[in-house]
Amino acid sequence: MDKKQSRISESIREIVSQYLVENLPTNYGIVSITKVELIGDGSRAKVYFSVLPEENEGKVKEFLEQNKREIRELVRKLRIKIIPELEFEPDKELKIMERLWEGNV
């Protein structure tokens, strides 16, 4: 990923994080946007998140999917040439690393 894509990814991560702080119901737990990957020409962005407690992962993903249009409008304010379609995925890497750390793999 080049510098420009990296900067855009970080900006999208900040936008989605701020959106969650302002709009996610508090009973969904603690949510962190761990990373954003721009795919190809930047027309798609995978937004990875983690949730504590983990059993709320589905509720958080559903919330993000339902609010995708509103979040994308916030991304549009970055004034970038291509506004990416957003895809939301739980961050499985963190779970794997956590298991490795605990010695459960």
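The values are calculated or read from the model by the stated rules, or taken from the named source; none is laboratory data. Since we're looking at a predicted model, the values are computed, not measured. For neighbour counting, all protein chains shown are included, and Cβ atoms are generated from backbone atoms with ideal geometry for every residue, glycine included. Ligands, DNA and RNA are excluded from the accessible area calculation, which covers all protein heavy atoms including side chains. Shrake-Rupley method; radii C 1.70, N 1.55, O 1.52, S 1.80 Å.
Quick notes on this one:
- Identified option (computed percent of Cα pairs over 25 Å apart; candidates (i) 38; (ii) 19; (iii) 23): (iii)
- Of the DSSP H helices in the chain, those whose Cα atoms cover at least 27 Å axially and whose Kyte score averages -1.0 or more: 3-23
- Model label sites at K59 and T26, defined 7 Å from Cα along the beta-carbon direction, differ in position by 1.4 nm.
- Compared with the alpha-carbon gap, the fully stretched path from R76 to R44 is longer by 10.2 nm at 0.36 nm per residue.
- FRET E, pair L52, D2, Förster distance 35 Å, beta-carbon r, rounded to 0.05: 0.60
- Accessible area in square angstrom per residue, the range 20-63, 1.4 angstrom probe: 54
- For the chain, a simple Cβ point-charge model (Lys and Arg +1, Asp and Glu -1, everything else neutral) yields a dipole of about 580 debye relative to the Cα centre.
- Overall, the accessible surface of the chain at a probe of 1.4 angstrom is composed of carbon and sulfur to the extent of 50 percent.
- Amide hydrogen neighbours beyond the local backbone of G42, cut-off 5 Å, H modeled: none
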